[in-house]
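Quick notes on the structure that follows.
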Amino acid sequence: MSQLGMNLPGGAKRRPQMTVYTGMLFIAVVALAAACAMVFLAGQKIGPGGDAFGSHAAAKKSGSYEALKLGK
Amino acid sequence: MGPFGITVAGCVVGLRQKRIVRNEESRVHIVTKILVIFGALFSVLLAALTIAFSTNADRLKEDVLNSNAARIAWEAKVKEVEGSQAAVVTNYQDGMKKISDTKADLEKANVSLQSERATLLADKNNAELSAASSKNQFEALTAVAKTNATTLASLTEEVNALRTALVGASKRENELVDRLNDEEARRQVLEQTTRALREELTDARTALDRVKSGVTDTAKGEAFVDRTGPIVQARVKKVMASPAGDELVEINEGSNARLRTNQKLSIIRDGKFIATLVLMQVEAQGSVGRVDKLGKTVTIMPEDMVLSRFE
């Protein structure tokens, strides 16, 4: 692009321009956002008390069985 | 490509842009920068969410397996409880049946006891009635006893009087018996006198007959055969020996059959003459005589016939 760069009179600086990589980044960010949203929703369903970031306690090797609390 | 791949791709793109910017005087659009930041943030966020999700999924799987195992254990326990419950129910039913049978038996016993009670009540009523009648009978018998006592007293008096009369009658009876004995003795004396007179009369007649037939006195002197009157037939009763050694015979006829002392009789057996018999002592209904065997060896036996004469 520098070969095709425009020589602007008065020696003004060139502004950065959005390239195809910007668009790809945009798509990637959108995909990441969608994935985060989907995983968050699924995590809410199986997380302890609806907490997508929380984790259940490990199951006891012996003793009585206690059911996990899923979702909100 | 997963989130991790997208994150890596985003970082690579960001680094390239940074290199381009460094190499070409850093001309990156502000939107691109913002998108890179957001991409990094979303990548981190996605990583965290993915880690949490994976952990929870694993825990959920364990939980599912544990719940299945627990369910299986509970089902086994339920079956065991059901089995024991079935046994308990069976025992309960058996117990109920036994109780029902016992109840039926008790009801039967109750019915029989009720009937027995009714019977006993009836018996009690009958006993009371019989007791009342017995009491009445006792009172009646008491009155009868009193009457009987009175009657007995009068009868006692009468008996005493009768005893007195009986004593008097006994005395009179004794007197009469004594008198009767005296009369009896007198009668016997008279009877003996009469017998003696009859014998004398018979002797006189015999003597007269003998005198008429030429026979002399028989009481003294030699033995004789009476050829007058009917033939006298007798039987030997007893054979005995005299102290002098003679053989004596007792026969069953005497003076009543007109036999006399020193009269000679013949002893016969089976129609044959055995020996002679000379009477030594003559009583009214029996005589004893001396046997003369005439030198023969014969034996005189009871029941041998004795004749006064043969003809």
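Derivation of every value follows stated rules applied to the coordinates shown; laboratory data play no part. Predicted model only: the values in this text are computed from it and were never measured. Cβ sites come from the backbone with ideal geometry, for glycine too, and all protein chains shown count toward neighbours.
When a/c reaches 1.5 or more, the comparison of a/b and b/c decides; with that in mind, is the stretch B:218-307 rounded, prolate or oblate per its Cα gyration tensor? Walk me through the numbers on the way to the answer.
Numbers: a/c = 1.41, a/b = 1.23, b/c = 1.14.
Judged from the Cα gyration tensor, the stretch B:218-307 comes out rounded (a/c under 1.5).
Give me the dipole magnitude in Debye, nearest 20, for the stretch B:45-183 about the Cα centre, with unit charges on the beta carbon: positive for Lys and Arg, negative for Asp and Glu. Each step should come with its number before you reach the end.
Details: 17 positive and 21 negative charges, 161 e Å.
Result for the stretch B:45-183 is approximately 780 debye, rounded to the nearest 20.
Calculate the spin-label point distance for B:ALA47 paired with A:ALA58, positioning each point 7 Å from the Cα along the beta-carbon direction, and give it in nanometres.
Placing both labels 7 Å beyond Cα along the Cβ direction yields 2.4 nm.
Return an integer: the convex hull volume of the alpha-carbon atoms of chain B, in Å³ per residue. Don't jump to the answer; show the numbers that get you there.
Details: hull volume 203.3 nm³, N = 311.
Measuring per residue, one finds 654 Å³ for the Cα hull of chain B.
Counting other C-beta atoms within 10 Å, which of A:TYR21, B:TYR92 has the fewest, and how do the rest follow?
B:TYR92, A:TYR21
Averaged over its residues, how many other protein chain Cβ atoms are within 10 Å of peptide B:38-47's Cβ atoms?
Values: counts 7, 8, 2, 4, 10, 5, 2, 8, 10, 2.
Partner-chain Cβ atoms within 10 Å, mean over residues of B:38-47: 6.
Highest GNM mean-square fluctuation, chain B, Cα pairs closer than 10 Å: which of B:GLY83, B:GLY271, B:GLY39?
In this elastic network of chain B, the residue with the biggest mean-square fluctuation among B:GLY83, B:GLY271, B:GLY39 is B:GLY39.
Using a 7 Å offset from the Cα along the Cα-to-Cβ direction at both B:LEU113 and B:SER100, what is the distance between the two label points in nm, to one decimal?
My value for the distance between the label points is 2.4 nm.
In terms of the Cα gyration tensor, with a ≥ b ≥ c the square roots of its eigenvalues, is the protein assembly as shown rounded because a/c is under 1.5, prolate because a/b exceeds b/c, or oblate?
prolate
Nothing charged except the Cβ atoms of Lys and Arg (+1) and of Asp and Glu (-1): what's the magnitude of the dipole of chain B about its Cα centre? Round to the nearest 20 debye.
I would put it at about 2200 debye.
With point charges of +1 on the Cβ of Lys and Arg and -1 on the Cβ of Asp and Glu, referenced to the Cα centre of the protein assembly as shown, which listed residue (B:ASN148, B:SER255, B:ALA223) lies farthest in the positive direction of the dipole?
Result: B:ASN148.
Over the protein assembly as shown, what is the percentage of antiparallel beta bridges among all DSSP beta bridges, to the nearest 5?
In the protein assembly as shown, DSSP labels about 95 percent of beta bridges as antiparallel.
If the label point is 7 Å along Cα→Cβ of A:LYS45, which residues in the stretch B:34-70 have backbone nitrogen under 14 Å from it?
B:53-54, B:57
Pull out the extension gain between B:ILE268 and B:VAL144, defined as 0.36 nm times the separation in residues minus the alpha carbon to alpha carbon distance; nm, one decimal. Numbers along the way, then the final one.
On the way: separation 124, 0.36 × 124 = 44.64 nm, distance 8.29 nm.
Between B:ILE268 and B:VAL144, full extension yields an extra 36.4 nm.
Given a Förster distance of 30 angstrom, what is the FRET efficiency for B:VAL31 paired with A:MET38, based on the Cβ-Cβ distance and rounded to 0.05? Walk me through the intermediate numbers first.
Values: r = 25 Å, r/R0 = 0.83.
Efficiency for this residue pair is about 0.75.
At a Förster radius of 51 Å, what calculated FRET efficiency corresponds to the Cβ-Cβ distance of B:SER242 and B:ALA165, to the nearest 0.05? Could you put the intermediate results ahead of the total?
Values: r = 62 Å, r/R0 = 1.22.
E between B:SER242 and B:ALA165, to the nearest 0.05, is 0.25.
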